[in-house]
1. For the range 201-295, run through the trypsin sites (Lys or Arg not before Pro) and keep only the ones in DSSP coil with at most 16 other Cβ atoms within 10 Å of their Cβ.
2. If one computes the Cα centroid of the range 149-182 and of the range 272-296, what distance in Å separates the two points?
3. At a 10 angstrom cut-off on C-beta neighbours, averaged per residue, how do the peptides 356-366, 68-78 rank from highest to lowest?
4. Helix check for the chain. Which DSSP H runs span at least 27 Å along their own axis by Cα, with a mean Kyte-Doolittle hydropathy no less than -1.0?
5. Any of 432/454; 25/160; 25/246; 23/197; 20/197 with alpha carbons more than 27 Å apart? Name them for me.
6. With equal scatterers on the alpha carbons only and no solvent term, can you work out the Debye log10 of I(q)/I(0) for the range 1-139 at 0.14, 0.20, 0.21 1/Å?
7. Would you calculate the convex hull of the Cα atoms in the range 252-301 and tell me its volume per residue in Å³?
8. Given Cα positions, please report Rg to Rh for the range 232-423, the hydrodynamic radius being the Kirkwood one.
Amino acid sequence: MTERSCLAIVLAAGEGTRMKSAKPKVLHEVAGLPLVCHAARAAQAAGQADLAIVAGRQSDEVLKAAARVAPSARLYLQHERLGTAHAVLAAREAIAEGHDDILVLFADTPLVEPQDIAFLRSGLADGAAVVVMGFYAADPTGYGRLLTEGDRLVAIREDKDCTQAERAVTFCNGGLMAIAGEHALSLLEAVGNDNAKGEYYLTDIVEVAAARGLAVVATTAEEESVLGVNTGVQLAEAEGVWQARKRREMMLAGVTLVAPETVHFSHDTQIGSDTIVEPNVVFGPGVSVGANVTIHSFSHLEGAIVADHAEIGPFARLRPGARLADKVKVGNFCEVKNADVATGAKINHLSYIGDAKVGAGANIGAGTITCNYDGFLKHLTQIGAGAFVGSNSALVAPVTIADGAYVASGSVITQDVPAGALAFGRARQENKDGLGTKLREKLKAQKEARAAPKG
Ligand code: UD1
Ligand code: MG
């Protein structure tokens, strides 16, 4: 089947008014990835496909988003929104190139699985002219109904055009379709707009094809695979389904999720086997975690790379450019950003390490802060292998603490510290014998004088 050429057309020109948003609907995100990208990915996962995006409003942004997953996608504009068949014909030039299979996907339907698309295409390979993705709707209201005679699909009736009897049918159109390339243009051009909405319905090609004696069939997908996003509520529903699938995939790949429903993944999260993720952990985009890592509760990771056997959190924040090597520990209330942390280094409590390089086995004491920003520019802090930074130190970048150096607690380090040196960046302590007792007596007397009755 894979040797059949394929053009996937993603319809993204809808108004999306029910989102009540200034942003085009197809740019809203599920798992941190715009809806239009999910549709493009599904098409690609089902085999080599040339991709055409049909957009209306803010088409440049839509194409730019799609290019994140499909850099060679081509944009076609639908200037007037005259229906789904009209939208497909906006990509007429691409259809005319003569692909074997034409796939039509909706950009607002992000949960379609590769095997659903593979089924559609295999219908074409078996000789059908049109294959429709059907599903059994718990509530069919609003969907086009699939009207069958025996095994044959004879028509799709849009909800608004249904008779009472047709309305009772629960086998519905999921919206995705595969059309044999050799028939596509002639079927689409035969569609009229004599219906309740006065639109050119893509679904009408079923009746046209059936009347011409061409084979038309329906496949059956799960209802959740064809969930369409029209409102903010449905967007959250789609996110929920996506997350549930991803958690399952992770667990089946050997990742332990102690409380799966509390862990939030991104579209590109990667985690190695035998890693444990405790409850309430969030993965933003761009995170890759190795094997045998423990991520304790309430940690937030984004754009971070974590190698094997590391230990993160609880309450740790890894931001973009955090790169942690083997056996690194980043503990509670620590933030790491744009920093390479080498093997076995420890940043265990209440620290900010940003724009830094931390050497192997270095120990960063509680409350250490890299002062990386002067209000205009960011500067680098380098901490050598085996260095020890005492608690509550401020490292004012650019600054280097060389291998094996020792920084005394409470230091403000503004100059480089040579290898093996001990740096004090704080006022020297002085003890005055007996002065504590004297001070206490003086203060006590002052308090008593204030409390004494006046006059
Ligand atoms: C469509 C189907 C219906 C199916 C349902 C599944 C048709 C005529 N109807 O109905 O049978 O049950 O999806 O969710 O196809 N679009 C354009 N340009 C247009 C019109 C639509 O690009 O002129 C795009 C929309 O952005 C959307 C998709 O096509 O991605 C579907 O359009 P929509 O108006 O949502 O169709 P439905 O009424 O949901
Ligand atoms: Mg719709």
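The values are calculated or read from the model by the stated rules, or taken from the named source; none is laboratory data. Predicted model only: the values in this text are computed from it and were never measured. We place every Cβ from the backbone using ideal geometry, glycine too, and count neighbours over all the protein chains shown. Heavy atoms of the whole protein, side chains included, go into the accessibility calculation; ligands, DNA and RNA do not. Shrake-Rupley method; radii C 1.70, N 1.55, O 1.52, S 1.80 Å.
1. Details: sites: 212, 245, 246, 247, 248; in loops: 212.
Passing sites in the range 201-295 are 212.
2. Their Cα centres are 44 Å away from one another.
3. Output ranking for 356-366, 68-78: 356-366, 68-78.
4. On the way: long enough: 232-252 (30 Å, -0.54).
Correct list, ordered by number: 232-252.
5. Values: 432/454 36 Å; 25/160 23 Å; 25/246 23 Å; 23/197 25 Å; 20/197 22 Å.
Among 432/454; 25/160; 25/246; 23/197; 20/197, the Cα-Cα distance tops 27 Å for 432/454.
6. -0.61, -1.24, -1.35
7. Working: hull volume 3.2 nm³, N = 50.
Per residue, the Cα convex hull of the range 252-301 comes to 64 Å³.
8. Working: Rg = 17.8 Å, Rh = 17.0 Å.
With Rh from the inverse mean 1/r over Cα pairs, Rg/Rh is 1.05.
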